[in-house]
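The structure appears right after this line, and notes come after that.
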Amino acid sequence: MKKILLLFIVAASFIQAQQNKSNSQADTLTYELKQISVSATRYAEQILELPYAVTILQSKQLKNLRGYGLDEALSTIPGVLAQSRSGNQDVRLVIRGFGARGAGDRSNSGTSRGIRVMIDGIPETEPDGRTSFDQIDLSIADNIEVIRSNASAIWGNAAGGVVNLSTVPSGGENRLSLRALAGSFGFNQIQLSGNTNFRNGKIFSSLSNSNLEGWRKHSSSYRTLLNFGVVSFLDDMTKLGLFVSGTSNMFHIPGPLTQKQFDADPAQSNSTYEQRDERRFNRLGKVGITLDHELDSSNGISGMIFVNPKYLQRSERGTFRDFTRYHLGGNFIYNNHSSLSLSIQNKFIVGIDEAYQDGAILFYSLSSTNSRGNDLKDNKREGANTFGAFVQDEIVFNEKLSLIVGARYDNISYYSESFITAGYGLQIKTFEKITPKAGITYSLSETQSVYANLGGGIEVPAGNETDPAGTYGQDKVFLINPLLEPIVSTTYELGTKHLVSLEKNNFVKSFYYDLALYLIDVKNDIIPYRGGRFYFTAGKTQRTGIELGTSIQFNNGFSFNGAFTFSNNKYQEYRVDSVHYDLNKTGKFADYSGNKAAGIPELFYNFGLTYSPSELHDVFISIGLNGIGKYYVDDANTLSVPSLNVLNATIGLNKPIEVAGSFSVRGFLTVNNLFDLKYASSAFINPDIVNNEAVFLEPGMPRNFVLSISFSYQQN
């Protein structure tokens with residue numbers, strides 16, 4: 001902690017010396033920056049006041065995207081690795097190494113872990129830390145908040161990072177829109193959306209249907225998504241929100257390839273996956289209610305409740321599975337904002353979270369047509385409950401210096417039992433942890449701050465990790481694996497955020513940057529092997545990194561956005577029983593201490609250059625480069641995914657063009673992978689070895705285009 005504070009003081013002194021000459025030039029943009037606040041931190045806070053690495057993507061940054069997968073937006077954020085596994089919503093999502101194992105076989109398709117994902121503050125992440133992307137579509141998002149720092153002290157389990165999508169329209173106009181998209185490999189989407197304002201609030205809704213035939217064999221997907229919401233001020237002190245959504249989502253899984261298969265024909269599917277028609281057919285809905293009430297000028301309460309029923313069907317590893325689940329929960333928060341003196345302000349919050357998921361899983365044989373067979377092989381219950389209580393206090397001195405301290409208690413329990421297999425009755429495993437947090441922010445000016453934080457993190461094993469598959473016929477662990485412990489981490493972070501206005505400069509108008517340095521010590525890092533069929537833990541892992549995000553506005557119509565991440569991720573203590581890899585090596589061990597952590601590239605970046613001169617009336621042309629360095633996919637560091645650099649280009653309209661009265665049109669054309677490069681977009685971690693070849697590469701899409709046209713009726 002002393003090292004962090006020393007770095008903080010040195011950085012603050014240096015940057016303050018450079019700041020004095022540009023303070024007066026930043027005034028015109030101060031107001032705009034002050035309006036950027038973050039709600040995913042449990043109460044609205046201006047972005048410059050937060051001792052965390054935070055990025056906000058606003059609506060204008062989301063309009064010109066295909067919108068099927070989160071990777072299209074999140075790949076532009078430093079520290080966030082977002083990789084599409086087959087071109088649809090199935091995304092491998094990693095933030096500072098958290099979530100790296102969420103790719104492979106064993107129920108990992110269509111899900112992520114280690115990262116908390118929410119829509120309008122209502123969790124998509126399940127109590128065990130897994131997140132499915134069935135209800136997530138960028139086309140419904142007005143803005144996205146991403147906390148890259150470990151947020152376990154305020155959000156609990158699986159909060160190595162936080163992604164919160166807001167569907168509430170930010171504009172004040174009434175609007176009805178029809179958007180049509182078409183693209184390569186049979187992609188098409190139709191979306192009807194609208195919002196209207198009434199005296200005390202607004203109503204908004206959207207309905208979309210997306211189809212993708214897929215560029216790889218056996219990779220088609222189809223999704224229908226309904227989203228509806230009402231936000232209303234019941235009185236001057238009370239705000240009520242109602243959010244309803246539902247989806248029907250089917251996607252086929254093409255599976256991984258060997259290096260030889262990838263080189264010969266990346267469009268082919270894994271023959272085993274295709275033969276068994278491995279797929280997910282998920283139907284689920286969600287209803288959430290939020291309430292914010294100010295008791296008086298200093299005190300307030302807020303609460304949220306939700307229910308999320310699910311009916312999931314899978315063809316997986318030679319069985320047909322029916323899941324009937326219900327996920328429900330909520331939270332309650334009390335906050336107090338008070339003045340301790342004329343120069344000292346205090347912000348205090350305390351709250352509780354509760355979420356519970358349970359349901360039956362029926363395992364059937366797979367019929368000759370890859371449908372549900374007649375043989376019921378197992379009838380299991382799989383449940384999880386998470387309870388958390390947190391407290392945080394922030395003291396602000398002279399609107400310059402902010403100190404935050406907080407802590408959270410989490411209790412997570414798993415329930416599992418088989419109603420068919422004799423001897424495997426109800427089993428319960430519980431994890432408990434107290435997670436602390438401390439942060440300091442100093443405002444060098446109204447447009448620049450430096451910060452440091454020290455925080456703990458917790459991530460318990462996900463459901464499929466505590467329910468291991470039999471390996472080599474000799475494992476005697478069933479239902480709940482007693483060998484796995486929670487991932488416990490400590491994060492040290494130092495950073496700065498700065499907006500610079502250069503009104504007198506003839507070349508650059510303004511630029512914004514945020515810089516973050518971090519060191520994360522991890523204990524009990526959960527490691528998958530055999531493609532995720534089984535899991536064990538590494539003793540200690542260390543991750544260090546630097547992240548830089550920047551946005552530059554030029555006076556000649558050009559703008560530049562960049563995100564750069566470099567990290568070093570190593571196993572410090574890691575010895576594994578070699579029987580997990582070779583049955584003939586029983587009793588021997590492999591020591592991977594000092595090896596690079598699997599699944600985490602050291603280097604990745606995204607750069608975008610846009611040209612939108614005033615003479616072209618909001619027409620823009622942009623070029624984006626997405627790059628990922630080489631990384632290993634096995635603990636022994638013998639298998640690697642080569643580096644990639646993919647170039648994309650878009651031409652479109654920044655603003656709608658009025659065609660008749662209140663009617664307008666806008667659109668864009670994007671060409672992805674402009675030079676048609678062959679690359680691997682994702683990979684299995686510690687994959688299967690079949691006939692002495694590793695099966696691990698998931699190919700990325702070749703050159704493809706997306707055309708979008710939107711028609712809108714707007715009434716101010």
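We did not get these values from a lab; they are worked out from the coordinates using the rules stated. What you are looking at is a predicted structure, and each value in this text was computed from that prediction instead of being measured. FYI the Cβ positions are ideal-geometry reconstructions off the backbone, even for glycines, and counts take in every protein chain you see.
Taking amide H positions as placed in the peptide plane 1.01 Å from N, state which residues far from Gly539 in sequence (5 or more) or on other chains have amide H under 5 Å from it.
For Gly539, whose amide H was placed from the backbone, the distant partners under 5 Å are Glu573, Tyr574, Arg575.
May I ask you to order 501-508, 542-549 by the average number of other C-beta atoms within 10 Å around their residues, highest value first?
Taking the mean over residues of other Cβ atoms within 10 Å, the ranking is 542-549, 501-508.
Take the alpha-carbon positions of region 138-196, form their convex hull, and give its projected area averaged over all directions (one quarter of the hull surface) in nm².
With every direction weighted equally, the projected area is 6.4 nm².
Tabulate in residue order the Karplus-calculated ³J(HN,Hα) for region 502-508, using 6.51 cos²θ - 1.76 cosθ + 1.60 with θ = phi - 60°, rounded to whole Hz; enter x for Gly and Pro.
Here the 3J(HN,Hα) series is 10, 5, 8, 8, 7, 10, 10 Hz.
Answer with one residue from Ile552, Asn606, Ala452: the one whose Cα lies farthest towards the positive end of the charge dipole of region 2-715, charges on Cβ with Lys, Arg +1 and Asp, Glu -1.
Working it through, the farthest residue towards the positive pole turns out to be Asn606.
Treating the beta-carbon of each Lys and Arg as +1 and of each Asp and Glu as -1, no other charges, what is the dipole magnitude of the chain about its Cα centre, to the nearest 20 debye?
Roughly 780 debye, rounded to the nearest 20.
Under the Karplus relation 6.51 cos²θ - 1.76 cosθ + 1.60, θ = phi - 60°, what is the ordered set of whole-Hz ³J(HN,Hα) values for region 454-464, x standing for Gly and Pro?
3J(HN,Hα) across region 454-464, in whole Hz: 9, x, x, x, 9, 8, 7, x, 6, x, 6.
Quote the FRET efficiency, to the nearest 0.05, computed for Ala360 versus Gln275 with a Förster distance R0 of 30 Å and r equal to the Cβ-Cβ distance.
So the FRET efficiency works out to roughly 0.60.
Sort 186-197, 691-702 by the packing proxy (mean of other Cβ within 10 Å over each peptide's residues), most packed first.
Sorting 186-197, 691-702 by mean packing, highest first, produces 691-702, 186-197.
If amide hydrogens are placed 1.01 Å from N in the peptide plane, which non-local residues have theirs closer than 5 Å to the one on Tyr679?
Correct list: Gly700.
Return the long-range amide H neighbours of Gly102 (sequence gap of 5 or more, or a different chain), with a cut-off of under 5 Å between placed amide H atoms.
Close amide H contacts, sequence-distant or interchain: Arg113.
Just to be sure I understand: if I project the alpha-carbon convex hull of region 313-447 onto a plane and average over all orientations, what area do I get in nm²?
Details: hull surface 51.9 nm².
Mean projected area for region 313-447: 13.0 nm², to one decimal.
Step through the residues of region 144-155 one at a time and calculate ³J(HN,Hα) from phi using the Karplus curve (6.51 cos²θ - 1.76 cosθ + 1.60, θ = phi - 60°), rounding each to whole Hz and writing x for Gly and Pro.
My calculation for region 144-155 gives 10, 9, 10, 9, 8, 6, 5, 10, 4, 5, 10, 10 Hz in order.
Using R₀ = 22 Å, calculate the FRET efficiency as 1/(1 + (r/R₀)^6) where r is the Cβ-Cβ separation of Thr490 and Tyr424; round to 0.05.
0.05
Stick to the Cα atoms of region 2-715, pair each with every other, and give me the Kirkwood hydrodynamic radius in Å at one decimal.
26.4
Run the quick spin-label model on Ala267 and Asn336: label points 7 Å from Cα toward the beta carbon, then report their separation in nm to one decimal.
6.7
If you line up the Cα atoms of region 67-108 on their principal axes, what length do they span on each, largest first, in Å?
29, 23, 9
Could you order the peptides 231-239, 52-60, 288-296, 382-390 from most to least packed, using the average number of other C-beta atoms within 10 Å per residue?
On the way: 231-239: 13.3, 52-60: 19.1, 288-296: 15.9, 382-390: 21.3.
Output ranking for 231-239, 52-60, 288-296, 382-390: 382-390, 52-60, 288-296, 231-239.
Between Ser643 and Thr238, what length comes free when the chain is fully extended (0.36 nm per residue of separation minus the Cα-Cα distance, one decimal in nm)? Please list the in-between numbers first.
Values: separation 405, 0.36 × 405 = 145.80 nm, distance 5.20 nm.
Contour length minus the Cα-Cα distance gives 140.6 nm.
Please compute the length gained on full extension between Ser170 and Ala182, using 0.36 nm multiplied by the number of residues separating them and subtracting their Cα-Cα distance.
Using 0.36 nm per residue and subtracting the Cα-Cα distance, I get 1.6 nm.
Please work out the FRET efficiency for the pair Lys630 and Asp676, using the Cβ-Cβ distance as r and a Förster radius of 35 Å; give the result to the nearest 0.05.
Taking R0 as 35 Å, the efficiency between Lys630 and Asp676 is 0.95.
Eigenvalues of the Cα gyration tensor times 5, then square-rooted: what semi-axes does that give for region 86-202, in whole angstrom, largest first?
Working: eigenvalues 165, 89, 21 Å².
So the equivalent ellipsoid measures 29, 21, 10 Å along its semi-axes.
Any aspartates and glutamates with Cα under 12 Å of the Lys437 Cα? List them, leaving off those in the same chain fewer than 8 positions away.
The qualifying aspartates and glutamates are Asp393, Glu394, Glu493.
Once all Cα-Cα distances of region 164-291 are split into 5 Å bins that start at 0, what whole-number percent is in each one?
2, 9, 14, 15, 14, 11, 9, 8, 6, 5, 3, 2, 1, 0
Of the chymotrypsin sites (Phe, Trp or Tyr not before Pro) in region 413-446, which ones lie in a loop per DSSP and count no more than 12 other C-beta atoms within 10 Å?
Phe419
Would you kindly state how much longer the chain becomes between Ile344 and Arg199 on full extension, computed as 0.36 nm times their sequence separation minus their alpha carbon distance, in nm to one decimal?
48.5 nm
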